[in-house]
Amino acid sequence: MSLAETVPMLFVRIVSALFGYTNYVVIGIFVWTIWLDHTQPKRQRIRYGRSILPRLGSIRSFDSEPEFQFVDGLETNLYVYEAILEGDLVTIISIKELDVKIKDLSCLLWYSSQQDSIAFVVNASVRDLHEHHGMKYTAAYVQCALKKRYAYLKGWPLLVGLTGNKSMAFRPKVMLPIQDGGMKSFYQDAASRAHAAEKRVVEFTVCIPPIYGDYSNTAQLVEKLEMSRLLGARRVVLYNNSIAPSVNSVLQMYIGEGKMGLEKLQVVVHPWKLPAVSENGTIRVIQSEKDIHYFGQLAAINHCLHRYRWLSRYIVFTDLDEFIIPRQHDSWSQLIGYRQKRSPNIAAFLFRSTVFAKNLPTPAKGFELKAFEYGSAVFWYTQRDKYIFPALQRSKLIVDPRRVEEIGIHNVWIGSGTTDDVPPTQGMVYHYRMPLRSGPRVLHVSDFTVTNKFGTQLARKLKAAWSKLQARASISKRLSLPIRT
């Protein structure tokens, strides 16, 4: 018997000895009610479409795409994106004003979608993420703890609402379906868990930060997807702020074939429109580099970390123009396995970066025509800077997501393990872009690692991808060849 049950029972027995059995029953019910009111979460019986919940139609379905929503009734601006179940915690990826404290915020949790259900109220904690680059707005976590003493609740919460205690009198205007992110499968029996793992869990998920500026470089996107596949990825997650129709066509092909079972690489695209703010009577959209760093990159990559934590053995964080290249192994799996054996307490693998300058076209021998035909950066540029950036400068990461709580662009902020600084001789970030350094002292070296290891396979994959794309729609491969940008 729990402490919540034992204490009132002892008290009731003492009362019964003094006042008799009848009083024992009456007083017992009274004491039991008062005690549970103090030991269990606050609760309110509600009915959908009445006093507390909005109508069912106004709650986004569990399959709908997330979007930023304004939490009304607070003294500051808070925008919530998606709620994710993580064991004994619900984490809500958010954007808020930097260093502004949010007090008296509560989470209302619903464990049932029945027309008549009970909302359990717990305090919400709000924490700014470490990396914000001094902008007005920052990524943040809003977290709702699912305390263990509430184990009498069956299953996991399905919906969460946020409310300012004083200003809204427990009437949430934002309701979020809670995504389990594959976590529930790890609490199932072995047979169910194996079935779920077979269908959903992959070894490597690649997370790419927000794509913006009416992005139209189809050649770069196709090469990113196909190279990621060759390196070991089985899922690529992108965040769409603004893309061109041609890029959308490419993504829809990969998404569609994945759903039909024709494609082993799962491509996921989340909408990423930054929220609008009201200032001095006018409404405007939060602006990148004026209000928030790089289109809310920190919120996006940490959403990817938490959303796919239980669906991935490892998560790879790179930009569209970057590849983490194993130099002594043939795949990420081989490289990570080798490093893990040397030190099993690793939470993250850090890879230093070098630049393949796009003002130095030097196509790999035997791939000259492929470089032009498919707009391939890895075929076209084989001269890189001899200089390799030190750790934490332009470095990128592969992480064990279940051991990392908060990730930055170039480092892990909170985790339960070490960060392995992978030697450049074993693996590096190959960054295909315009030069970051210039002048007569900048030295270059030839590097054919990618073409030697993956050239033939990549050419085959690019040919197959573009053949399918051309068969589906009139998409020109030469919309934005790297050589011409």
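The values are calculated or read from the model by the stated rules, or taken from the named source; none is laboratory data. Since the structure is predicted, the reported quantities are computational estimates derived from the model, not experimental observations. Please note: Cβ atoms are built from the backbone with ideal geometry, for glycine as well, and neighbour counts cover all protein chains shown.
Scanning segment 426-446 for residues being surrounded by fewer than 12 Cβ atoms within 10 Å (Cβ to Cβ) and among the polar types (S, T, N, Q) gives a total of 2.
Residues in segment 68-100 that are aliphatic (A, V, I, L, M), part of a loop (DSSP other than H, G, I, E, B) and farther than 26 Å from LYS147 by Cβ: LEU98, VAL100. Of the listed requirements (1) buried (at least 19 other Cβ atoms within 10 Å of the Cβ); (2) within 27 Å of the chain's Cα centre (by Cα); (3) under 23 Å from ALA357 (Cβ atoms), VAL399 misses just one: (3). Tally the residues that are among the small types (Gly, Ala, Ser) and either at pLDDT 60 or above or in contact with a Phe, Trp or Tyr (Cβ under 7 Å, 6 or more places away or on another chain) (or both), restricting the search to segment 143-175. Result for segment 143-175: 4.
Based on this model, can you work out whether GLN340 counts as without any contact (Cβ under 8 Å) to a residue 24 or more places away in the chain and touching a strand residue (DSSP E or B) at 6+ places or on another chain (Cβ under 7 Å)? Yes; evaluated as a whole, the condition is true for this residue.
Whether a residue is more than 21 Å from the chain's Cα centre (by Cα) and buried (at least 19 other Cβ atoms within 10 Å of the Cβ) was assessed, and VAL250 passes this test.
Considering only segment 233-247, I want to know if a residue exists there that is within 23 Å of TYR81 (Cα to Cα), in a loop (DSSP other than H, G, I, E, B), in the same structural domain as ILE407 (by TED's automatic domain parsing) and not aromatic (Phe, Trp, Tyr). So far as segment 233-247 goes, yes, one or more of its residues are within 23 Å of TYR81 (Cα to Cα), in a loop (DSSP other than H, G, I, E, B), in the same structural domain as ILE407 (by TED's automatic domain parsing) and not aromatic (Phe, Trp, Tyr).
For first residues located in segment 354-377 and free of Cβ contacts under 8 Å to residues at least 60 places away in the same chain and over 17 Å from HIS431 (Cβ atoms), partners that are aliphatic (A, V, I, L, M) and crowded, with 17+ Cβ neighbours inside 10 Å and lie 6+ apart or on another chain with Cβ distances below 9 Å form the pairs PRO363/ALA371.
Condition first: part of a helix (DSSP H, G or I) and within 18 Å of ASP330 (Cα to Cα). Now tell me which residues in segment 402-453 satisfy that. Of everything in segment 402-453, those that are part of a helix (DSSP H, G or I) and within 18 Å of ASP330 (Cα to Cα) turn out to be THR449, VAL450, THR451, ASN452, LYS453.
Could you tell me how many of the residues in segment 379-401 are outside any loop (DSSP other than H, G, I, E, B), touching a strand residue (DSSP E or B) at 6+ places or on another chain (Cβ under 7 Å) and over 27 Å from PRO344 (Cβ atoms)?
Pass one, segment 379-401, residues outside any loop (DSSP other than H, G, I, E, B): 379-380, 383-385, 396-399, 401.
Adding the requirement that they be touching a strand residue (DSSP E or B) at 6+ places or on another chain (Cβ under 7 Å) leaves 383-385, 396-399, 401.
Right, trim to over 27 Å from PRO344 (Cβ atoms) and you get 383-385.
Looking only at that region, the number is 3.
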